1. Please average, across the residues of A:53-60, the number of beta carbons from any other chain that are within 10 Å of each residue's own beta carbon, and give a whole number.
2. Under 14 Å from a point 7 Å along the Cα-to-Cβ line of residue A:31: which residues of the stretch A:56-75 have their amide N that close?
3. In the calculated pair distance distribution of the stretch B:507-602, what percentage of Cα-Cα distances lie above 17 Å?
4. Return the calculated 222 nm mean residue ellipticity for chain B, to the nearest 500 deg cm²/dmol, obtained by summing -39500 (n - 2.57) across DSSP H runs with n ≥ 4 and dividing by the residue count.
5. Mind checking the dipole of the stretch B:3-222: about its Cα centre, +1 per Lys or Arg Cβ, -1 per Asp or Glu Cβ, Debye to the nearest 20?
6. With a cut-off of 17 Å, note down the residues of the stretch A:314-351 whose backbone N falls inside the zone around a label point 7 Å from the Cα of residue B:180 toward its beta carbon.
7. Based on the Cβ-Cβ distance of residue A:156 and residue A:232, what FRET efficiency does E = 1/(1 + (r/R0)^6) give at R0 = 35 Å, to the nearest 0.05?
8. For the stretch B:235-420, just list the percent of Cα-Cα distances falling in each 10 Å bin from zero outward, please.
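Every read-out reported here was derived from the displayed coordinates using simple, explicitly stated rules and does not represent laboratory data. Computed from a prediction, not measured in an experiment: that's the story for all the values here. Note that we place each Cβ from the backbone using ideal geometry, even for glycine, and neighbour counts take in every protein chain shown.
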Amino acid sequence: MADGARYHASENGSGVATLTKQDFVSGQETRWCPGCGDYAVLAAVQEFLPELGLPLERIVFVTGIGCAGRFAYYMNTYGLHGIHGRAPALATGLAVSRPDLSVWALGGDGDMLSIGGNHLIHALRRNIPIKILVLNNQVYGLTKGQTSPTSELGKVTKSTPFGSEDQPFNPLALALGAGASFVARTVDRDRHHVIEVLRAASEHPGAAFVEIYHNCPIFNDEAYAALTDKDTKDAHQIRLEHGLPIRFGAERERGVARRPDGSLAIVEVADAGEDALLVHDAHRADPSMAFALAHLSQRVSEPTPIGVFRAVERPVHGESSREELEAAHEAIGPGELEALLHGGATWTVES
Amino acid sequence: MSRTVDKDRVVIRIAGDSGDGMQLAGGRFTDATAVFGNDLATAPSYPAEVRAPAGTLRGVSAFQIHFASRDILTPGDRPNVLVAMNPAALKSNVDTLESGATIVVNDDAFSKRNLAKAGYDANPLEDGSLSEFRVYRVPMTSMTVKATESIEGVSSRDGARAKNLFALGVLSWMYGRPVEVTEEWIERKFANRGAILTANLAAFHAGYNFGETADLLDVRYRVKPAALRPGTYRNVDGTTATALGLIAASVTSGLPLLFASYPITPASELLHELARQRSLGVRTIQAEDEIAAANMALGAAFGGQLGVTATSGPGMDLKAETIGLAVALELPMVIVDVQRAGPSTGMPTKPESADLLMALYGRHGESPLPVIAAATPAHCFDAALEAVRLAVDYRTPVILLSDAFLANSSEPWLIPNIEDLPRIDPRFAQGPNLDGEFLPYLRDERLARPWAIPGTIGLAHRIGGLEKEDGTGNISYDPENHARMTSLRAEKVRGIARDIAPLEVDHEDGAELLVLGWGSSYGPITAGARRVRERGGKVAAAHLFHLNPLPANTGEVLRSYRRVLVAETNTGQLSQIVRAEFLVDAESFTKLEGKPLLAAELEREILERL
């Protein structure tokens, strides 16, 4: 049976509120490796989507190439599996021409940050109304284990047997540098946090950039263990919450404060005092604080901020011209076309 | 008193420094000529540099117009008249003139300094080197300054800048062009710039009156209006015609047009043209690169819009992977390739039609798609509509080949009636197509698959570049399925041959030689064949508008002539195809100079073979 053929509640006019996670599960068999972080992300996305209150047919997932590319096939929505790195560009064409849709572009760190890096930064600077999910496992999976643009210096892989000589990207800093209006990070193994971030991204009116740390059990297993292991995660996850002082640790005994030179430091609350803690402001127009937070940890074994770094409103691409274009297209008919063709200097030859 | 001489046709070339306004003067002369009722064809030639040093050979900008009292097909091989605004313009064009041609120079510009800049050791106006031509020395700069010096607010520098309109005035007198057309244009163009408006009008009138009163110019020419088919005409270049065709297709299909492209010479003009049409519902995006532009168009197509991207040679290389994806997705999309001389960056402003094999085969794997080539500037309109029709009807990317010559050249276009335009019906899928299920790759009688756009309830489906199972579109690595899908995709494109016009032959009884062409060679081949016939030679000509699939009767036509000559501006790409497809021993005439074929060259090649 064609997996696209399944009907569901939204079709009979009974409204979309009845959609459940199961409605978003397509019939295609998922073929990621056992233990792959993609499963967790897929489950979180499917669990979250009913919240949108949209018929599933108004939702589109656009993917590129890589393990994450198959995501589109597993979602019972409209799906477009494109070519390597181009998901943001495909999604741009779709989103600007169909503003009635909820468009999600999804790819791995190689897809989005290496071969597709140009499309990513331009989608962000244009503030295209798409939600971009970058599944960052710091390695190439589908091509079987080469270094990626987020792999750490010195990383030994099949393509870098003597260790990578390339400085990795800081994806959030890159997105902020590109002028992204929404930048967030979450971790695959914390489903509630993933859903919280997805919700914030979906509520954001422009381009939303979400980095999802996720585990590749085959080529880079437990890269984020410090952030996800029960024993260590409290000490490593710095959860950003808008309007609240930035604190973390099992006893919330540590925090983030600003040094006199403006840079950020991790401090003991007992030493620095509660008043010294930085209050997170995701809506700040100036991106410098978000940028500093993005650079707080240099490697994932250090305490690492997760959550919404930045969410500011600025004009969404196409919004200012949308009504004019739609009205123009509605209005144009044979008469207008005739006038267009007869534009400029014309002359008539009599029979 | 001047005498008046009747002429059937005239080729004029106006050349000057790129800052001299030659394209403007040429454009105005063209409008007046069109309104007068001559048939015409034009071709501009720009310097490659944005601002080449003034007065140098590199900085010469020229405009050529061929007009006649009968229908004509090319902008002309060799000018009969050259207007040269400076020594560089003379030097870079004099070799193209026919013997006995008329040369009108701006005498003021032939200073020692300008002669040196153009590389002249001696003044050619005085050393006898132009003795085979009829040379008129007109002090255009000083006469323009004089005509405008009494206008308040106009400096002598401003006045001198209007010398292109003085030259236009002279030409308008020589060829009896209606002055009102130009006057009205000047009044519109400079409506809010009082003194400049007055100065330009004064310069134009001064030039015209100079012709009328000066004894210097002793001859006027009369080129009677041509007997064109009845109807309303306008003059269009290939760029405008392509833009109008795409908009017309958008209107008749009801599909909003999304045009995404990346700036590249000479295709950028199409982006500029369409970007102005927001009030007609046209959305344009200047993408971050060629690849993005193609993907944006394809993304829009997935969403149910008319996705179009345009580029020139190098951009096609970059778009190839996306075009392959469109082949696999089987979504409508149009890719316009305004060809230019290659390889690599090549000669960006120079025409060459050498992307045919790339259009046909330039993708990995088996990825057939329809290819259409425009034949003349005005034909770009029909070609664009045809590209959209095939794309939508067959759910396939279509490559539309144009070139730098067609994009910039112009000719009169008989404006079609709206009701005669082809109907294009998107036929969006509305519901299940097999036993209550929706199969995204279940094909219709054309082998086209359903176009089910997001938002359509019950038809959610997923498609991608991975091989798909026949019918369901689910991912499939099944060997037999891959063979079947490969053959279905090819068969769908081949089947288009049933849906396109047969190859028409301009046959002459007794002809044993057929000249076959494609793209912008239409004009020179047809004109060359006509000249041969005027000399009593027997020759047939045929032109391919569809390059894939070829019209169903192509083989039959080619085999019915003893000899076949294929003329093209590449090393013989179409001739390779017809040899391979039809086992016809086609001969090849090729030219790779970054210039269009000339009618005279075709005439010569044909005569050699008769």
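1. That works out to 4 on average.
2. A:66-74
3. 46 percent
4. -11000 deg cm²/dmol, from helical runs alone.
5. Computed about the Cα centre, the dipole is about 320 debye.
6. A:345-350, by backbone N distance to the label point.
7. Result of the calculation: an efficiency of 0.90.
8. Reading the bins upward from 0: 11, 43, 38, 8, 0.
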